[in-house]
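Below: one structure, written as structure tokens.
The values are calculated or read from the model by the stated rules, or taken from the named source; none is laboratory data. Owing to the predicted nature of the structure, the values given are computational and were not obtained by experimental measurement. As a convention, Cβ positions derive from the backbone with ideal geometry for all residues, glycine included, and neighbour counts pool all protein chains shown. Heavy atoms of the whole protein, side chains included, go into the accessibility calculation; ligands, DNA and RNA do not. Shrake-Rupley method; radii C 1.70, N 1.55, O 1.52, S 1.80 Å.
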Amino acid sequence: LALMAGTLISLPAHADLRLTEILSAPVSDWDGDGAVDSKLDEWVGVTNTGASPVDLQDVYLRDGTGTAWHFGFSGSLAAGQSLLVTGAASVQWQAENSAGTSGLSLNNSGDLVELWRAPETGDPVLLDSTTVPGHAAGSDRAYAWLTLAASWILYDGLNPYGGDLVPTGTGCVPSPGVPNTCSVTVPVGGPSVSRIKTNWE
């Protein structure tokens with residue numbers, strides 16, 4: 001709640017929506033269609049970090065190039081829950097809305113990703129944005145927001161990063177469609193891609 005001009009008002013629940021994980025350079029079949037595709041298997045995770053459900057009507061994803069939306073959400077997202085937008089889902093949404101065929105358009109050298117609320121009336125509001133560093137956009141690496149640490153970390157368990165750029169490697173594997181909890185190095189030979197996908201399909 002906030003006090004504005006002497007009136008107590010509720011802050012919009014949309015402020016609790018966050019970008020929480022981004023995989024820009026897939027070399028695995030993340031969308032589960034039986035084939036690896038550099039466009040269709042990209043993905044972005046979004047999480048409701050608040051205590052109440054959020055209406056996803058008029059919420060959109062796009063990268064930092066141009067003004068076209070790459071995906072439009074629908075329905076609602078429960079408190080603490082995450083959802084996954086794959087490149088395949090983006091292409092399908094674009095086809096259904098005459099919005100092109102680019103998919104998520106995530107650059108493998110790093111990219112700006114934005115989450116917007118754009119109602120039919122009123123001005124668009126930027127809900128969240130992040131720039132994925134180039135080293136975090138390596139093959140099957142995910143750039144992940146860790147809420148407990150309030151920082152972005154690197155999920156490089158499928159393609160270890162040995163450099164010293166920030167964020168450095170954690171050994172954590174990407175966690176598509178579920179809240180991020182891993183923040184420490186995991187043993188080599190962790191869960192396979194098929195095992196990970198089983199957890200969110």
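The phi torsions of the range 94-105, fed into the Karplus equation with coefficients 6.51, -1.76 and 1.60 and a -60° offset, translate into couplings of 4, 5, 6, 10, 6, 10, x, 9, 6, x, 6, 6 Hz, rounded to whole numbers, with Gly and Pro shown as x.
Rounded to the nearest 0.05, what FRET efficiency do S76 and A35 give with R0 = 41 Å and r taken as the Cβ-Cβ distance? Could you check? Write out the running numbers ahead of the final one.
Working: r = 32 Å, r/R0 = 0.77.
Between S76 and A35 the formula returns 0.85.
Spin-label model, V184 to N107: label points 7 Å out along the Cα-to-beta-carbon direction sit 3.7 nm apart. Projecting the Cα atoms of N180, L112, P124 onto the charge dipole of the chain (Cβ charges, centred on the Cα centre) puts N180 farthest toward the positive pole. A straight chain from T147 to N159 at 0.36 nm per residue would run longer than the Cα-Cα distance by 2.0 nm. Computed from backbone phi with θ = phi - 60° and the Karplus coefficients 6.51, -1.76 and 1.60, the 3J(HN,Hα) list for the range 131-136 is 9, 7, x, x, 6, 7 Hz; x is used for glycine and proline. Here the chain is assigned +1 on the Cβ of each Lys and Arg and -1 on the Cβ of each Asp and Glu. Its dipole about the Cα centre then comes out at about 360 debye.
Could you tell me which of rounded, prolate or oblate describes the range 66-122, using a ≥ b ≥ c as the square roots of the eigenvalues of the alpha-carbon gyration tensor, with rounded for a/c under 1.5 and, failing that, prolate when a/b is larger than b/c and oblate otherwise? Because its axes are fairly even, with a/c under 1.5, the range 66-122 counts as rounded.
Net charge near G50, counting Lys/Arg +1 and Asp/Glu -1 over other residues with Cβ under 11 Å of its Cβ?
Numbers: positive: R18; negative: D16.
That sum, taken over residues with Cβ under 11 Å, equals 0.
Which one, V166, W69, A149, is farthest towards the positive end of the dipole of the chain when Lys and Arg carry +1 and Asp and Glu -1 on their Cβ? So the residue furthest toward the plus end is A149. When you filter the GluC sites (Glu not before Pro) in the range 47-140 for DSSP loop state and at most 16 other Cβ atoms inside 10 Å of their Cβ, you are left with E120.
Taking the 1.4 Å solvent-accessible surface of the chain as the whole, the part contributed by carbon and sulfur is 54%.
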